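Before any comments, here is the structure.
Taken together, the values in this text are just the output of simple stated rules run on the coordinates, not laboratory data. What you see is a predicted model, and the numbers here were worked out from it, not measured in a lab. Cβ atoms come from the backbone with ideal geometry, glycine included; neighbour counts cover every protein chain shown.
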Amino acid sequence: MERNDWPRVLLAWFDVNRRDLPWRESKPRNPYHVWISEIMLQQTRTEAVKPYFSAWMERFPTISDVAAADEAEVLHAWQGLGYYSRARNIHKAAQVIAEQYGGVMPRDPEAIRALPGIGDYTAGAVASIAYGEKRPAVDGNVLRVYARLYAVREDILKSAGRKCITKLAEETIPGDRPGDFNEALMDLGAEVCIPKHPRCAACPLRAFCEASRLGIEAELPVRTKKKPQTEWQAACAIVERDGRFLLHRRPPKGMLANMWEFPMALAPEAEESRTALEKLLGGRVGELRWTLTHVFTHRIWHMRAYDMETAGAPSGEDWRWFTREELRQIPLAGPHARLAAIV
């Protein structure tokens, strides 16, 4: 076989081994389903996404349903997936699609790319998978597959490495099945050409792989080492009065913007965080009720929640009392949804 035969071999493998995923069920493929699944899959495991995707589609069957919802409802549906700016951008993009395109995702890749929160990868995925446009969709899996297949030694997290692989993807994507080709690359990267210990013996492209030929598959792709995450101690208060719990709404900008949280104080040391919490609420922490270590992309929260009584609670529109039932309906900030489940 010739070197340039590998896309045909990959597609033949995909026809037999494609993953059975809920967002792949519609025929022809629904661009809305492709869009939402791809946003959900960013930095979240496929198995974890499945129930979220199904629940989302039950709640918002169409793009127009998302557009008509208020932001709090959209954030609540996204709760547990993290990176809430993605949910906000979905809401904004849905409103643009409803207003400018009659509630139907545009076909033109550039128009898709112009929507809030949609980058080159998502635009390429929607355009190719749903509309058959010859556009690559270069994500982490695809970067890894091409880096090994062509022995690319450039750092894939830097501009030069990404540009090199994007060019290769543009040159090799077949015009007759671009969507299947992109999904085949995703499946190969997720199931076979995995990060640390690639399953080369099961790879349909092994005969075409430069990294395998050179014995350097474990060394590729080259990636910049991430900076270590900063760690914070988070003291949280469970303040209950007459069956209602005191919560605080986070600022409108920044991390977990506009979402509700139990009163919380962050500090480098646990004692500092408890002292800061007591100062914030004007009371003393009581029994330790709950602990959790929550890992974000750039930071880690070591959380401890205490029963707490306070003579006077902070006032203002960013402080409110909620019943247990209301706690299940409002958008809670990241790990605070886990805390709400135990009160």
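In debye to the nearest 20, how big a dipole does the chain give about its Cα centre with +1 on each Lys and Arg Cβ and -1 on each Asp and Glu Cβ?
The calculation lands at about 760 debye.
Kindly put TRP319, TRP13 in sequence by how many other C-beta atoms sit within 10 Å of each C-beta, fewest to most.
TRP319, TRP13
Contact order normalised by length for region 238-343, with contacts defined as Cα pairs under 8 Å and 6 or more residues apart; what percent is it?
Once divided by the residue count of region 238-343, the mean separation gives 32 percent.
Is it possible to state the helix-based mean residue ellipticity at 222 nm for the chain, with each DSSP H run of 4+ residues giving -39500 (n - 2.57), the sum divided by total residues, to the nearest 500 deg cm²/dmol? What is it?
-13000 deg cm²/dmol
Over all distinct Cα pairs, what is the inverse of the mean 1/r for region 196-249, reported as the Kirkwood hydrodynamic radius in Å?
One decimal place: 16.7 Å for the Kirkwood radius.
Tilt of helix 84-101 relative to the longest C-alpha principal axis of the chain, in degrees (0 to 90, nearest 10)?
60 degrees
For a quick check: with amide H placed at 1.01 Å from N, whose amide H comes under 5 Å from GLU240's, ignoring anything fewer than 5 positions away on the same chain?
The list, which skips near neighbours in sequence, is MET308.
Note down the magnitude of the dipole of region 290-343 about its Cα centre, charges +1 on Lys and Arg C-beta and -1 on Asp and Glu C-beta and zero elsewhere, to the nearest 20 debye.
Around 280 debye, computed over region 290-343.
If you take the alpha carbon radius of gyration of region 234-342 and divide it by 2.2 N^0.38 Å, what ratio comes out, to two decimals?
0.99
Quick one: grab the alpha carbon gyration tensor of region 55-149, order the square roots of its eigenvalues as a ≥ b ≥ c, and give me rounded if a/c is under 1.5, else prolate or oblate depending on whether a/b is larger than b/c.
Oblate, since a/c reaches 1.5 and b/c is not below a/b.
Just the Cα atoms of region 1-99: what Rg and Dmax do they give in Å?
Using the Cα atoms of region 1-99, the pair Rg, Dmax is 16.3, 55 Å.
At a threshold of 8 angstrom on Cα-Cα distance, excluding pairs fewer than six apart, so keeping six or more, what relative contact order does the chain reach in percent?
Relative contact order for the chain comes out at 15 percent.
Please give the helix 6-17 orientation as an angle from the longest Cα principal axis of the chain, in degrees from 0 to 90, rounded to the nearest 10.
Approximately 60 degrees, to the nearest 10.
Just list whichever of LYS226/LYS253; LYS158/LYS253; LYS134/LYS227; LYS226/LYS279; LYS27/LYS92 have alpha carbons separated by over 30 Å in the model shown.
Table pairs above 30 Å Cα-Cα are LYS134/LYS227; LYS226/LYS279.
Using only Cα atoms, find the angle between the long axis of helix 31-41 and the longest principal axis of the chain, and express it within 0 to 90 degrees, rounded to the nearest 10.
It works out to around 70 degrees.
Between GLY179, THR44, PRO7, whose Cα lies farthest towards the positive end of the dipole of region 3-214 when Lys and Arg beta carbons carry +1 and Asp and Glu beta carbons carry -1, centred on the Cα centre?
About the Cα centre, the residue reaching furthest to the positive side is PRO7.
Work out, step by step, the length gained on full extension between ARG284 and ASP5: first 0.36 nm times the residue separation, then minus their alpha carbon distance; give nm to one decimal.
Working it through step by step, the gained length comes to 93.4 nm.
Using r as the Cβ-Cβ distance of THR230 and ASP15, and R0 as 30 Å, what FRET efficiency do you calculate, to the nearest 0.05?
Rounded to the nearest 0.05, the efficiency is 0.05.
Quick one: compute the contact order of region 156-263, relative version, from alpha carbon pairs under 8 angstrom and 6+ residues apart, as a percent.
15 percent
Name the residues whose placed amide hydrogens come within less than 5 Å of the amide hydrogen of LEU115, ignoring near sequence neighbours (fewer than 5 apart) on the same chain.
none
I need TRP260, TRP35, TRP232 ordered by Cβ neighbour count within 10 Å, fewest first.
By the 10 Å Cβ count, ascending, the order reads TRP232, TRP260, TRP35.
Return the distance in nm (one decimal) between the two label points of a simple spin-label model at ALA341 and LYS253, each offset 7 Å from Cα along Cα→Cβ.
3.4 nm
Give the residue from THR297, PRO198, VAL96 lying farthest towards the positive end of the charge dipole for the chain; charges sit on Cβ (+1 for Lys and Arg, -1 for Asp and Glu) and the dipole is referred to the Cα centre.
Result: PRO198.
If we count other beta carbons within 10 Å of each Cβ, what is the order of VAL285, VAL96, VAL145, fewest first?
VAL96, VAL285, VAL145
If you build the convex hull over the alpha carbons only and average its shadow over all orientations, what do you get for the chain? Give it in nm² to one decimal.
Dividing the Cα hull surface by four gives the mean projection, 19.5 nm².
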